[in-house]
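What follows is a set of notes on a single structure, which appears directly below.
The values are calculated or read from the model by the stated rules, or taken from the named source; none is laboratory data. All values derive from a computational prediction rather than experimental measurement. Positions of Cβ are generated from backbone atoms using ideal geometry, with glycine treated the same way; all protein chains shown enter the neighbour counts.
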4 protein chains.
Amino acid sequence: MIIKIKKDADATNVDRLKKHLESKGFDLEVSQGVSHQVIGVIGNTLSYDINSLYGFDCVEEVIRIQEPFKEVTSSEKLVKVGDVVFGGNTIPIIAGPCAIESKEQVMEIAKTLKKMGVKLLRGGAYKARTSPYSFQGLGKEALSILKEVKDETGLLIVCEITSTSQIKDFENVDLIQVGARNMQNFELLKELGKLDKPILLKRGFANTVEEWIMSAEYIITAGNPNVIMCERGIRTFETYSRNTLDIAGIIAIQKLTSLPVIADPSHAAGRWDLVNGLALGSVAAGADGLLIEVHSTPEKALSDGAQSLKIERFKSLYKSLKAVAVSVGRKI
Amino acid sequence: MIIKIKKDADATNVDRLKKHLESKGFDLEVSQGVSHQVIGVIGNTLSYDINSLYGFDCVEEVIRIQEPFKEVTSSEKLVKVGDVVFGGNTIPIIAGPCAIESKEQVMEIAKTLKKMGVKLLRGGAYKARTSPYSFQGLGKEALSILKEVKDETGLLIVCEITSTSQIKDFENVDLIQVGARNMQNFELLKELGKLDKPILLKRGFANTVEEWIMSAEYIITAGNPNVIMCERGIRTFETYSRNTLDIAGIIAIQKLTSLPVIADPSHAAGRWDLVNGLALGSVAAGADGLLIEVHSTPEKALSDGAQSLKIERFKSLYKSLKAVAVSVGRKI
Amino acid sequence: MIIKIKKDADATNVDRLKKHLESKGFDLEVSQGVSHQVIGVIGNTLSYDINSLYGFDCVEEVIRIQEPFKEVTSSEKLVKVGDVVFGGNTIPIIAGPCAIESKEQVMEIAKTLKKMGVKLLRGGAYKARTSPYSFQGLGKEALSILKEVKDETGLLIVCEITSTSQIKDFENVDLIQVGARNMQNFELLKELGKLDKPILLKRGFANTVEEWIMSAEYIITAGNPNVIMCERGIRTFETYSRNTLDIAGIIAIQKLTSLPVIADPSHAAGRWDLVNGLALGSVAAGADGLLIEVHSTPEKALSDGAQSLKIERFKSLYKSLKAVAVSVGRKI
Amino acid sequence: MIIKIKKDADATNVDRLKKHLESKGFDLEVSQGVSHQVIGVIGNTLSYDINSLYGFDCVEEVIRIQEPFKEVTSSEKLVKVGDVVFGGNTIPIIAGPCAIESKEQVMEIAKTLKKMGVKLLRGGAYKARTSPYSFQGLGKEALSILKEVKDETGLLIVCEITSTSQIKDFENVDLIQVGARNMQNFELLKELGKLDKPILLKRGFANTVEEWIMSAEYIITAGNPNVIMCERGIRTFETYSRNTLDIAGIIAIQKLTSLPVIADPSHAAGRWDLVNGLALGSVAAGADGLLIEVHSTPEKALSDGAQSLKIERFKSLYKSLKAVAVSVGRKI
């Protein structure tokens, strides 16, 4: 790391800082520029809380050089969910309703998706809702329904977990999703790191790319290298769409880590009439997969009907996605 | 609620929308403006997912009229923590280190605070850290230390909880804090709603005032009316301070709810040299309390040393705060 | 518009509000919901300052129903720059250096672009730079160079204007660009509205889609219907890319107006290694054109070298863009 | 500056980078850390475009050490407007309507303000309005009215300029305001730098503290050291208030520059019922002045009535402000 010293710093304080750093085993290289003294600190800072140095009055700025993460750069490049591979040339699509509402509802959608060639079904059991008065999900009952659908259709199941206490019930789930609001629920991440199931880690809607990577690092250092990242839009001042899909964030994950990264245009948009463009744009930009909300009757959905595509619209999008995937040398 | 119909809406779809709303028990008042048809929907929408209406193709916009919350407006105005009252004329100050590091560390600070007249001691046991390599807190050991300090000094204890599984260990904590990252950990909120201890609910750094209120509503509807709100800065594009303290957000809580609301200038600032101004500004603007990080040797702090005030600086601030409180007709 | 009345409103104040509205020629429809009284106000609000109504103490919220714009919805769908059409099936690419530095520099790039089939050359004469110490552009000399290049290559010229006083010098410019920082320089917009040249209106990096449309409305109501919109990223908390390209904003313009809309992935990214993904994503999502910075020696660029593509990289991108355009039924 | 080299950088490219920097006259200090090679670049970078270095493929990050500004740190600490001093112990209040609507309107307010002891009157002549259909200000007529009011009451005049072409008409204005939307209208800043009148430079609603300082640097390097900064709220995701007043930004200006800095709680709030808290908070936090919108009949205001205080409310606030100023050792 690099430490920029204040212009009017007290020499005694600077000395104390240097001794403190040396006592931690760092080598120092002091340099005097035209405006500031700069201390180059050489050594492994991965587990060192560099912000604590601001406690020294002489410190103006502490600049990190070493990346704060490690495992994500050498982790699995290809993550398998059943026989589906994320991170390879083929781009998997995960589709399905926001929340499981009944067996009939989800079975109908599942069969249609199956017929189209979709291999992964999403559906929520425990819903993280802003209001306590909103539908909170069917919980365990939803997980039973998903198991039945899986048994009957062979689709792989993707489902969101919202508490460590639910882990034991997720046995039949093939890909466990951590939602945006739980991206920094570190107690949950640590527990998921003990499983050998793949984890779909959504970006928090107000988290930086670096924080998102650090959350993946939590899961991987705990023992589970099978992490798939999912960009789902960040919160900005713009209100036309619910969130702003950060396509540069998708590219950033590919540059900074070895993890596969998919896009969720439905939650980013918050309204179905923006989903097509965002989905096509994500695939062209290089996303390794998509997560799309599909509902047979969105206007009756108990959750997030606003952003769900009707089956017919999804079929049409699916066809367009195939063409765009081919144009960038991949396939769906 | 009000529904704005698209200009080119299909009449059949509009009819289906109307029938759907009537079937839910709402009364409708249709009105034709110069540009759009508007449907006024009369009835209780508190537990109705109004966004699902976007599933109807004819809907351009759904506008909520009724507030999405209820309990927070009639809940306790004064919340007691031991014999300290939040929401009254006296403004309580909560102070202490970010994390409990050792008994010696916290006992020293605690005694100084006690002597000054501070009645509430904060200190973290389970730390929500961005990096898995950062100090994660002493956990149960920290809670034991806090109990000892409490027994010896009589200070009331404020401590953050990060998982439902910790609740049983928080018996001796007087005010349980929900951190910014857990503001929408709804499973946690529901469990805290079953306790009869006061809860300090921090605003998520990317959550709107309305979402923050909805999280309080989760706790209160679950049975616990003793909620104190805490503004701690929101994430913006500005990087000089770690977050931007939203003083209008403090005022908003006072206008929209009956809950007391305090400010945490330390986490908003992220650097100790901004804490004074933000603390004084918050009290002048009407905050019902403050949460301030104080550390005897911030440069050796294992967590958030950057924003901790040294004891001497805190003493000086405390004096200034008293003067400002009096100037707005209150006291500390 | 809809006016939501406060629960505890004073009846006399509500009466004054009603009389005030009626005196402005509006018809009123009063409705009593379960929580609030609501006044539907019928009439043309386009030129009415609805916010002034908050001056009445009884008003809780004023909700606009009629769009605040008009001309942009019926304006030119196809905008011609020379013989190039924006908004049609073919997607024009504008390329070139950030700033004109010398005749040699720009002529070299221009000839290469011409050979590739690019028809529009960009190059800055007056640069809006954050620092007064940064290169401010060659001004009129740059405009002379651009004319020479135009005469020799036949390329159409795109150049940014930063002040009304420059208008007379832009005679040979084929498409006048309004930069992000001038999107709400209303005096400039009014003057550009008097020209019969097409205008490329960039979105301010902190402006909503609606504000952006209102700025187009300024130009069109002043008499110039030839406006092309350009999304160039918005400012968010994320710092990996300089700005966040808002692809949903591109789609929004197409839904809300009849204007063509292009993307500028270079300024959104702020670093060349993100440009490819954003460019491809924009075209797949439906953008009507692209603006890309290309420089022969970016490391020697006097402005924005960080985000400029080298010629070879641009050639490779150009090929990929053609394939993606075809995959969505268009061509480049 | 510090340059962080990519781990997999090509040695030839690094050599070219070094030669390039040396050719610019910089001294280099190369250092090898555990993860990256780092090049310390010693020399004056004030007028060097450090971003251009990203054009070298080997560069991962360029980190500025020297501040990008200079004049603002040594400029006038006290700025005089007539006989009123900004930056000293006394805190001046600027008050008045958003826009000049008629002589009667402004004279009535002016006389009341005069009687209270307020010395500076604000009033808009040219209004920067989002919509072309909104009231655009009376222009020159407003400036004539302001002159008459000044002659009759002796109040000092504060008025916003929106174009270089208006400068000649601002002769009788005592403090020329640059609005938020023009903070980066560099052509305007350069012209104002040639005047010997004080300039009130508002922060753009999406500009960082550093960018704001750079705009002050534009004015000062052009010859005019009399700059007063004005924080007026930044754009965030929160919509309860129109903008979020950044009190830490006020403190930042005081730490980074020698310029006086005031707050505009009216524009930050966007609604009058938040103005009191923000005004009191700003003064307690250390603001060197306030700019407050006051209107005799806000509900009839042609601009920004929503945020204007009625005279009676302003009188009450004025009294509270005096008390808070005294509590922090200053006076109004």
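Annotations
- Any hit, the stretch D:117-135, residues being without any contact (Cβ under 8 Å) to a residue 24 or more places away in the chain, assigned to a helix (DSSP H, G or I) and in the same structural domain as D:E293 (by TED's automatic domain parsing): no
- Number of positions in the stretch D:19-40 that are part of a strand (DSSP E or B) and at the interface with chain A (Cβ under 7 Å from one of its Cβ atoms): 4
- Filtered residue count, the stretch A:132-170, keeping only those that are among the aliphatic types (A, V, I, L, M) and within 14 Å of another protein chain (Cβ to nearest Cβ): 2
Conditions (1) touching a Leu at 6+ places or on another chain (Cβ under 9 Å); (2) not aliphatic (A, V, I, L, M), marked per residue:
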position	(1), (2)
B:K4	no, yes
B:D15	no, yes
B:K24	no, yes
B:G33	no, yes
B:N51	no, yes
B:F56	yes, yes
B:V59	yes, no
B:I63	no, no
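- The stretch C:235-249, residues that are among the polar types (S, T, N, Q) and either at the interface with chain A (Cβ under 8 Å from one of its Cβ atoms) or under 14 Å from C:T208 (Cβ atoms) (or both): C:T236, C:T239, C:S241, C:T244
- Residue in the stretch A:150-173 that is at pLDDT 95 or above, crowded, with 22+ Cβ neighbours inside 10 Å and more than 23 Å from the chain's Cα centre (by Cα) present: no
Residue by residue, here is whether (1) modelled with pLDDT of 95 or more; (2) among the hydroxyl-bearing types (S, T, Y); (3) within 16 Å of C:C98 (Cβ to Cβ); (4) in contact with a strand residue (DSSP E or B) (Cβ under 6 Å, 6 or more places away or on another chain) holds:
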| site | (1), (2), (3), (4) |
| --- | --- |
| C:G286 | yes, no, no, no |
| C:E299 | no, no, yes, no |
| C:Q307 | no, no, yes, yes |
| C:L321 | yes, no, no, no |
| C:V324 | yes, no, no, no |
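- Scanning the stretch B:171-208 for residues that are more than 8 Å from every other protein chain (Cβ to nearest Cβ), of a type in the set (D, E) and touching a helix residue (DSSP H, G or I) at 6+ places or on another chain (Cβ under 7 Å) gives a single hit, B:E191.
- Count - residues of the stretch B:317-331 that are exposed (fewer than 13 other Cβ atoms within 10 Å of the Cβ), in contact (Cβ under 8 Å) with a residue 40 or more places away in the chain and under 20 Å from B:W272 (Cβ atoms): 0
- Subset of the stretch A:283-302 (residues that are in contact with a Gly (Cβ under 8 Å, 6 or more places away or on another chain) and buried (at least 24 other Cβ atoms within 10 Å of the Cβ)): A:A284, A:A285, A:D288, A:E293, A:V294, A:H295, A:P298, A:A301
- When the test is whether a residue is at pLDDT below 95 and away from chain A (no Cβ under 14 Å), B:K7 passes it.
- Flag for D:E191 being in contact (Cβ under 8 Å) with a residue 40 or more places away in the chain, surrounded by fewer than 22 Cβ atoms within 10 Å (Cβ to Cβ) and not in a loop (DSSP other than H, G, I, E, B): no
- Of the strands (runs of 3 or more DSSP E) lying entirely inside the stretch C:196-293, those containing at least 3 residues that are within 14 Å of the chain's Cα centre (by Cα) span C:199-202, C:227-231, C:261-263.
- Complete set of residues in the stretch B:82-103 that are of a type outside the set (G, A, S) and either assigned to a loop (DSSP other than H, G, I, E, B) or surrounded by fewer than 22 Cβ atoms within 10 Å (Cβ to Cβ) (or both): B:D83, B:V84, B:V85, B:N89, B:T90, B:I91, B:P92, B:P97, B:C98, B:I100, B:E101, B:K103
- Flag set for B:A252, criterion: within 8 Å of another protein chain (Cβ to nearest Cβ) and of a type outside the set (F, W, Y).
- Evaluation of C:A301 against (1) farther than 30 Å from C:Y133 by Cα; (2) within 7 Å of another protein chain (Cβ to nearest Cβ) (one fails), failing number: (1)
- Among all residues of the stretch B:8-17, there is none that is free of Cβ contacts under 8 Å to residues at least 24 places away in the same chain and buried (at least 17 other Cβ atoms within 10 Å of the Cβ).
- Evaluated against (1) of a type outside the set (S, T, Y); (2) touching a strand residue (DSSP E or B) at 6+ places or on another chain (Cβ under 9 Å); (3) within 14 Å of chain A (Cβ to nearest Cβ), B:G270 falls short on exactly one condition, (2).
- Selection of the stretch D:267-286 for residues being without any contact (Cβ under 8 Å) to a residue 60 or more places away in the chain and under 26 Å from A:R235 (Cβ atoms) yields D:A268, D:A269, D:G270, D:R271, D:D273, D:L274, D:G277, D:L278, D:G281.
- Residue check for B:S266: under 26 Å from B:K197 (Cβ atoms), buried (at least 24 other Cβ atoms within 10 Å of the Cβ) and touching a Pro at 6+ places or on another chain (Cβ under 8 Å): no
- For the stretch D:65-81, the count of residues that are farther than 30 Å from D:R129 by Cα, in contact with a helix residue (DSSP H, G or I) (Cβ under 6 Å, 6 or more places away or on another chain) and part of a loop (DSSP other than H, G, I, E, B) is at least one.
- Number of the condition not met by B:I109 [criteria: (1) away from every other protein chain (no Cβ under 11 Å); (2) surrounded by fewer than 16 Cβ atoms within 10 Å (Cβ to Cβ)]: (2)
- When B:V149 is tested against (1) touching a strand residue (DSSP E or B) at 6+ places or on another chain (Cβ under 8 Å); (2) closer than 22 Å to B:L192 by Cβ, only condition (2) is not met.
- Residues that are in contact with a strand residue (DSSP E or B) (Cβ under 8 Å, 6 or more places away or on another chain) and at the interface with chain C (Cβ under 7 Å from one of its Cβ atoms) were ranked within the stretch A:273-282; the one that is surrounded by the most Cβ atoms within 10 Å (Cβ to Cβ) is A:S282.
- Qualifying residue in the stretch B:48-58 (condition: more than 11 Å from chain A (Cβ to nearest Cβ), of a type outside the set (K, R) and either closer than 25 Å to B:E217 by Cα or not in a strand (DSSP E or B) (or both)): no
- So D:G82, is it under 27 Å from D:A142 (Cα atoms) and assigned by TED's automatic domain parsing to the domain that holds D:C159: yes
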